[in-house]
Structure formats: structure tokens, C-alpha cells
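This report concerns only the one structure given below.
The values are calculated or read from the model by the stated rules, or taken from the named source; none is laboratory data. These numbers were taken from a predicted model, which means no experiment stands behind them. No Cβ is skipped: glycine too gets one built from the backbone with ideal geometry, and neighbour counts run over all protein chains shown. Heads up: the accessible areas ignore ligands, DNA and RNA and are worked out on the full protein's heavy atoms, side chains in. Shrake-Rupley method; radii C 1.70, N 1.55, O 1.52, S 1.80 Å.
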Amino acid sequence: MTATQPPAVRVERAGEAEWRIAELLARMTLEEKIGQLTLVPGGGGHVPPSLAEEIRAGRIGAVLNEVDPGTVTELQRLAREESRLGIPLLVGRDVIHGFRTIFPIPLGQAATWSPALVERGARVAALEAAAAGVNWTFAPMVDIGRDPRWGRVAECLGEDPLLASRLAEAMIRGFQGEDLAQPGSIAACVKHFAGYGACEAGRDYAATSLPETELRNVHLRPFRAAVAAGVASVMTSFSDVNGLPATANPLLLRDILRREWGFDGLVVSDWESVPQLAVHGLTADDRASAREAALAGCDMEMTSRTYTDHLPALVRAAEVPPAQLDAMVANVLRTKLRLGLLERAPALSVTLPAPLNDAHRAAAYEAAVASVVLLKNDRAVLPLDPARLRSLAVIGPLADDGHEQMGTWVFDGRAEDSATILPALRARAGEQVEVRYARGVDTTRSLGQEGFDQAVAVAQDADAVVLCLGEESILSGKRTAARTSGSPGAQAALVARLARLGKPLILVVLAGRALALAEVVPQVDALLYAWHPGTMGGPAIADLLFGVSAPSGRLPVSLPRAVGQVPIYYAQRRTGKPAWPAQVIPLDAIPARAGQTSVGNTSYHLDAGFTPLYPFGYGLSYTTFGYAALALSDTVLRRRSALVVSVEVTNTGPRAGEDVVQCYVGDPVASLTRPVRELVAFARVALAAGERRTVHFTLTAADLAFHGRDHRLRAEAGEFRVWVGGNAEATLEARFHLVDDAGHGDLAR
Ligand code: GLC
């Protein structure tokens, strides 16, 4: 499909745009206005006569899940040429981590800590989707993921608001390009607004109960960043947020999104989340649901028809003011205008790149390589050296599965386009190394151990064993994917059986979440966490295992020792009785009938302690990095000034590598208790062996600001601590004071 190039000179001034929207609104009937608020599923490769009729009548503003270029062209022709006002359609699709070329799942992309790689992935996805006629995608998903029991944690950008913010901005740039009206640009949609990641017990769709300060200081931050980055649209969450479902939540949709943040794009509900207001128990019926959602500021209704059915009467009865309806329609028209859909001049056709071309595959490969996190490498069993290998055993159901490695939320990627691990290992090992394969277990879920003997037979003759285990893609993502266990099925038993052989055992985990691997990790020599790495996951993993590339991923989420620790994340508040290592008494060291207070009077689990198996930001490489000479440009930061934090990073190991230098800040005393530390900046740094470089981070009062008791955003004067290092447990520390030279004590942003 060719995209449309707007006329050479398209100057949109805010006044002109608003004038055009007002002019169009003035010509619209009530039914046509409501039509713009209606998003319906496409016909899946054809135009059903009923859909054609509704488009002609101006009762449809957008379709989703239609990606046949010819069908999309016909849908747009119907809208432009056969409806009274000729307003084209938004054509939406979940292009979450790729269209035909699939990139690592967003959680894996977050492990790259690279806005540049994330932006490039979104750009490739946009080009491929736009070529099919898609002009709107429902990404980035920026729900904060601190509970790996929640299946949708696979789609998010990790546990930390700052990392999620920087990567969301990059994704939006990638999707929307410099100009939303340019060919290949598609409108982004930040979701799910808001608090979805805090669903109770990690159960998808469960209620979210969050104090407003926590909502603002953690969960809303990446949404605010997305709005500031110019995201075209916002999707409401299914969530019941503190008793008010997000789809009808005036605090979220009106007060914060519109009034405080100044968002002027469109708000779309999630799939049938408008009628679900009655299921929540907020309303008694569809009419009331339509009213509550419209009044709260949910502009467009996804796939249900309560707006079509009830808004005409609600507006005529002034239960929904006509001005409110016009504002909702204006938000949709403004988005279409920005997409260039309302241009009057004939469009020029532009040919977009073919999907899965070499450049797109190369981008997916590079993102996959950078997403993999090396968590363990005892005895330096990695990288493998083909010259020192006679044979290699590859075991596991995920070693050669083009479907599973793509991960969840893939609608247009095809398994046959994937380059899988096993052939890539064979290619990288070369002719002189015998690579033998055994499945070991039927699937990642299966409990049977009938495949173990064959796996052992293959492994016992090999010089090294690569295990590819984890989670099938359906076990993460939406709905079914809330899970309460560690690695599913009989996989842990398989690891234990193979570990008894005493061979170098390398575990590659493919999963859509942080799995609890405490029982498995001690039995393997090396552990590579590859998430679901996408189309090019095979060559990426093979090249990392053989050292063609070096691992550089860093954890975007804390890895729990046990599911019982969840939620576990680094930016916890200290509490009045914080635990510390000396306090944690191993369960089996507690004497029988021990005295009531003998097990430590602080905050930790008797059977798991209080620290994760691996912390946020952690990751190894094939070299090592040192941090020294932490210096501050001043010991005082003033309201309008900036403070530069400098640190010397040295590659102290034998080969080149990339590190992610992380800067954390702690606010030990404040009007609200603050997290023990929070990420404020990070930088990927490539260093040759022995190379030393000074990395600088510039901090201002804005980096220290938080929403206080009155929900106002401000930084409070006082002492701050700063740490720099390679993960959230960094110890290299300095201190500074934030002072308010105007003497107010508070520093509004
Ligand atoms: C789903 C998801 C949302 C997705 C939408 C359209 O219910 O919650 O993330 O974008 O429907 O497919």
C-alpha cells in the first residue's frame, strides 16, 4: 500500500487548525458527530455491507484490526468519497513491538535501556504498519510493572517511572516521526491510563487501590512524559481506580490529563470498557455508562456502541452538554488533522519500504542483542569458543520455535519469518562442532518427564549444554496470563537432572516476565535472560553465546527469589523498621520455641529475606566495569541552577563492552516519606578494554520534585544523597543540599 504524501507546503498554525475544526463541526449533524466517536472492528480483509453503509452515513470515525491494504483503501474511499463530509477514518492496530518484523517484547526493549534502539524499533513498526494502511497504534504501554504475576507486564517498560518515561518518549518519536502527517508516521496511543499495573494480586483487570500521591509520583509519571512528548492519543484502562473506573474517572481524564497536563489529543476507551462500567457497578445500564464516560472525557468508544445508541438522547436531554460532545469530536478531528487526513489537496503517493527487509531485520537483531541480560557467568563458561568445542547440546522446547520467541501481542508477525536459536547456533558453531538437539519437555507447561532421558543422552556426550527454557508466549500478555508460580511445568526438574551431569550448563530464559528462579540458578553455570526476543532472537542469542556480541542488557524489573516476595521493586519506602542483611536470620537457623522477638523486628520474609535475586538495573557483560571519582559540581543546588554529577567509568576487563551507568537520588527527609532511592538518569557507555571515561549527569530541582500532601509538584529544600553505579544497589555515594535561594523552602517545578 502506498502512503499519502500531503501537499508540499502544509502550514498548520494552531489558529488555522482550530478554525478548520470549528468550521467542520458547524456543518456536522448530531449523528455525524457521534459517528466520529465510534471505533469498530474491521471486517478482516473485506468490507461488510453493513460497515460500508455506516461509513457512508457518517456513523463511523475509526476502525481497528483491518490490515489488508486493499480493504483499508476501500474503507477510506468510502469515507472520503461516499460520506457527506468526506472525513477519513482512523485505522488502528496493536503494533506493540513490531508489525511484520517483530522486535523484543517491550519489557525486553526496556532491558536495552536505549531510547535510540527503542525509537528505531517503533519507526520500523510504523513504516511497516503504515504500508498496510494503519495510521494509529495502541502503544506505548507504560503501566508500571512491579508485579510479575501480572501477564501484561510483558508489554510494559519496567518497574521504574523514569526509565519508562524516557523509553515511552522514544517510542512515540519512532511511531509519530517528526511530523505526524508524513508518510510512514502513525499516531501513538499511550496506555492504559491509569494504574493498570497495580491491579490487585497481579490478577489482570482486578481493582487498583492507590493513594493519589502514589498514583501521581509513580504510575502517572510516564503518562505525563508521553503527553509532554506529543503523544497523539491516550487509552483508558479497564481498571477500577480507587472506586472510579478509569474510563469514567474525571480526576484522571479531566483534571489531570486535560487541565493539569494540557493534553488536547483524543482519549479512546479500551475494548468495551464503556459498557463495562455497569459491570463494575458504577452505572446501572448502557445509557448511564455512556453518560458517565462522556462527561468524564472519554472521547471515543472502542468496539461497543453505547455512544451510538444513547448519546443522541443524552445530548438532546442536555444530560451530556452539546459543548461537551463538540469538545470530544474536536479532539478526534484534531488528531485526524494532525495526521494529515483532512488535507484538501490531492495526496501524492509514496512507496514505503517492504516489511522484513534487511534493514528492518538488522534493527530487530540489534535490539534483541541489546535486550538480553547476562545474570550469571560462573567459571566464565561464556562466551563459547568453537575452537575449544567438539560438541554442543541444545535442549528445550524454545530452542527452535519461531512463534514463541516473538512473544505476546503479535498480530501480524509470522513464525516462519523468525530466525530461531538452534539453526543460528549451528551456523555460529561452524562445521567442526557437532550440535545435537533434544526437546527435553514437550512444552514449557508440560509436566511429563518422558523426554528427560533423551535430553540426558544428548547432553552427556557434549562439551557444553545450552538450555532454552522459560514461558510460551501465551503464558504472558493479556487475560490468561496472570501466574503465581516460578518457571512453569517440569522445567526445573529438567534443569536439576541435567545439572547432575557436571557439564557447563548455560540457561537461556525466554519469558514475558521476571520468573522466580531461585531454585534453578544455583544449578546452572550461566544465565542469559532473553525475554521474548522477536524475529531475530535466534541469531542474537547465538552471537551472544559465542561472543560475537557481548551482553549489555540490564534488568528493567527486579527479579524475585520467590513469587511470595511480590511485589518487589527497588524504589521502596524505608518504613520505620527497615531490614538489613545482618537482620535476616535463615529460617532453619531459628531455634525451636525461639523468643517472640528473636527473629528480628524488621521488615523481611523469614523464608526469602527482603532483597531480590537480582536487582533492578543489574546485568553482566564479558568484561567488567569500575566506577570511581564520583564528584559533584557543587554541594549546593539552587532553584534555577543545575548540579553536574560526574563519575569515572572504566572497562576493567579483557574486552570491549557496553555498560549502563545509572544515577540514583535519595531524599532522606521530606514532607512525605520518599523511596529509599530513585533513578534520575542513566547512560549507555561503550568502552574498549582498559578505556576510562568520565560520565556526567546534570540534575535540576525538577529531577527531585514529587507530588506532596497537597498533590502539588515541588522539590523540597534539604539534603539529598546521590549514588552512581551499575544497578539499583550502587554504593558509590555523594551528598548535596537543595536550597531555595528565594527562601520559600519549596521549589515548584
Ligand atoms: C485490548 C487491550 C488494549 C488493546 C485494545 C485493542 O483489550 O487491553 O491494550 O490496545 O484491546 O486491541
Check: From the residues V458, A688, F263, which one has its Cα farthest along the dipole of the chain in the positive direction, the dipole being from +1 and -1 charges on Cβ of Lys/Arg and Asp/Glu about the Cα centre?
Finding: A688
Checklist line | Whole-number Å³ per residue for the convex hull built on Cα positions in region 365-545 | finding: 105
Next item on the list: Return the carbon/sulfur percentage of the accessible area of the chain, one whole number, probe 1.4 Å, all protein chains in place.
Entry: 51
Check: If you place +1 on the Cβ of every Lys and Arg, -1 on the Cβ of every Asp and Glu, and leave all else neutral, what size is the dipole of the chain about its Cα centre, to the nearest 20 Debye?
Finding: 1040
Next item on the list: Kindly provide the trypsin sites (Lys or Arg not before Pro) of region 582-666 that DSSP labels as loop, not H, G, I, E or B, and whose Cβ sees at most 12 other Cβ atoms within 10 Å.
Entry: R593, R640
Check: Counting only DSSP beta bridges with both residues in the chain, what percent are antiparallel, rounded to the nearest 5?
Finding: 55
Next item on the list: Obtain the nm distance between the two label points defined at H605 and I585 by a simple spin-label model: each point lies 7 Å from its Cα along the Cα-to-C-beta direction.
Entry: 2.0
Check: If the convex hull of the alpha-carbon atoms of region 637-749 is projected onto planes in all directions, what is the mean projected area in square nanometres?
Finding: 7.0
Next item on the list: May I ask for the Rg/Rh ratio of region 206-317, computed from Cα atoms with Rh as the Kirkwood radius, given to two decimals?
Entry: 0.97
Notebook entry, point to check: Separation between the R305 and A201 pseudo-spin-labels, each 7 Å from Cα along Cα→Cβ, expressed in nm?
Noted result: 3.7
Note to self: How large is the direction-averaged shadow of the alpha-carbon convex hull of region 174-221, in nm²?
What the structure shows: 4.7
Notebook entry, point to check: Karplus couplings for region 683-699 from phi (6.51 cos²θ - 1.76 cosθ + 1.60, θ = phi - 60°), rounded to Hz, Gly and Pro as x?
Noted result: 8, 7, 10, 9, 9, 6, 4, x, 6, 10, 9, 8, 9, 10, 10, 9, 10
Margin query: Show me, for region 707-718, the HN-Hα J-couplings you get by feeding each phi into the Karplus relation (A = 6.51, B = -1.76, C = 1.60, θ = phi - 60°), rounded to Hz, glycine and proline as x.
Written below: 7, x, 4, 8, 6, 6, 8, 7, 9, 9, 4, x
Check: In debye, nearest 20: dipole of region 592-749 around its Cα centre with unit charges on the Cβ of K, R (+) and D, E (-)?
Finding: 120
Notebook entry, point to check: For the chain, what log10 I(q)/I(0) values come out of the Debye formula at q = 0.08 1/Å, with one point per alpha carbon and no solvent?
Noted result: -0.68
Checklist line | Residues of region 365-545: accessible area per residue with a 1.4 Å probe, Å² | finding: 34
Item checked: DSSP loop GluC sites (Glu not before Pro) with at most 12 other Cβ within 10 Å excluded, longest remaining stretch of the chain -> 451-749
